[in-house]
Amino acid sequence: LGAAEQALDLSRRRDMLLQAGDLYRINDRPDVARRLYDEVVAADDSHDVVDWRVLYARSSVRGEAGDWAGAEADLQAAIAVEPDRPELLNFLGYAWVNRGERVQEGLALIQRAADARPDQGYIIDSLGWAYFKLGQTDKAIEYLERAAELSPTDAEVIEHLGDAYWQGGRTTEARFEWAAALELKPDPAREASLHAKLDKGLPATPGASLASRP
């Protein structure tokens with residue numbers, strides 16, 4: 001990161017700002033990354049340019065910082081110029097479903113992303129997780145098992161499959177998946193979550209109530 005700071009002291013070229021922003025984002029410095037992306041977006045706006053990649057990156061750091069309204073706005077602006085981009089559809093759809101907002105619309109976005117990229121484990125995981133949140137356990141398991149086959153080293157995907165197994169009454173399989181996710185060395189927050197699930201299982205969830213939401 002020190003090299004990035006030195007480079008920015010010498011130049012504020014667009015490519016330098018983006019590279020530095022990406023570096024800070026990857027290294028868990030969303031505050032600094034956000035400021036750099038803001039600078040790029042402002043310059044783009046002055047030239048009537050909309051770059052979906054920058055908006056996508058900024059939406060990620062905005063979301064991490066708790067600015068969901070800003071993240072949502074960036075995603076919608078990006079989709080306006082790239083309406084069929086699977087990663088954008090998946091990101092926004094997953095966020096809506098996970099937050100219990102615009103659930104059916106979110107599911108439709110994820111489905112479009114999955115239709116376009118059925119080989120991407122993280123997108124199939126989103127589809128399975130949406131069905132899990134909607135209380136449609138059999139469909140959730142179907143898609144999450146496929147996601148686990150596509151992304152067997154992704155701790156989040158494996159954890160989600162364990163959650164769906166638990167919701168479906170398959171508690172032994174659930175604990176196996178949670179233990180497997182721990183072996184993948186997840187981040188500290190996910191590690192703590194997995195330990196809690198292995199200890200106490202999942203609490204009863206009102207997931208099925210999402211099905212009635214618009």
statement: Under the Karplus relation with 6.51, -1.76 and 1.60 and θ = phi - 60°, whole-Hz ³J(HN,Hα) for the stretch 140-145, x at Gly and Pro, equal 4, 4, 4, 6, 6, 5
- request: Show which lysines lie in cross-link reach of LYS197 when reach means a straight Cα distance below 20 angstrom and same-chain residues fewer than eight apart are skipped.
  value: LYS133, LYS185
task: Using a 1.4 angstrom probe, figure out how much accessible area the stretch 34-187 has per residue, in square angstrom, rounded to the nearest whole.
output: 45
field: the chain - charge dipole about Cα centre, Lys and Arg +1 at Cβ, Asp and Glu -1, debye rounded to 20
entry: 420
Label-to-label distance, nm, for residues given as ARG13 and ALA80 (7 Å Cα→Cβ offset): 3.0
The chain, relative contact order in percent, only Cα pairs under 8 angstrom and at least six apart counted: 12
field: Farthest positive-ward along the stretch 99-214 dipole, Cα basis, beta-carbon charges - from GLN111, SER151, LEU184
entry: GLN111
query: If the cut-off is 12 Å between C-alpha atoms, which aspartates and glutamates fall inside it for LYS139, apart from same-chain ones fewer than 8 positions away?
result: ASP125
task: Set Lys and Arg Cβ to +1 and Asp and Glu Cβ to -1, take the dipole of the chain about its Cα centre, and tell me which of LEU89, TYR56, PRO203 lies farthest positive.
output: PRO203
- prompt: Of the accessible area of the stretch 88-133, with the probe set at 1.4 angstrom, what percent is carbon plus sulfur?
  reply: 49
field: In sequence order, calculated HN-Hα J values of the stretch 163-169 (Karplus, 6.51, -1.76, 1.60; Hz; x Gly/Pro)
entry: 4, 5, 4, 4, 4, x, x
statement: Accessible-area order for TYR94, TYR131, largest to smallest, probe 1.4 angstrom, reads TYR94, TYR131
message: Suppose a student asked you for the relative contact order of the stretch 114-164, using Cα pairs under 8 Å spaced at least 6 residues apart; what percent would you report?
response: 35
- request: Take TYR143, TYR165 and sort them by solvent-accessible surface of the protein heavy atoms, 1.4 Å probe, largest at the top.
  value: TYR143, TYR165
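The values are calculated or read from the model by the stated rules, or taken from the named source; none is laboratory data. These numbers were taken from a predicted model, which means no experiment stands behind them. Quick reminder, even Gly has a Cβ in these numbers, built from the backbone with ideal geometry, and neighbours come from all protein chains shown. Areas reflect the complete protein model, heavy atoms only, side chains present, ligands, DNA and RNA absent. Shrake-Rupley method; radii C 1.70, N 1.55, O 1.52, S 1.80 Å.
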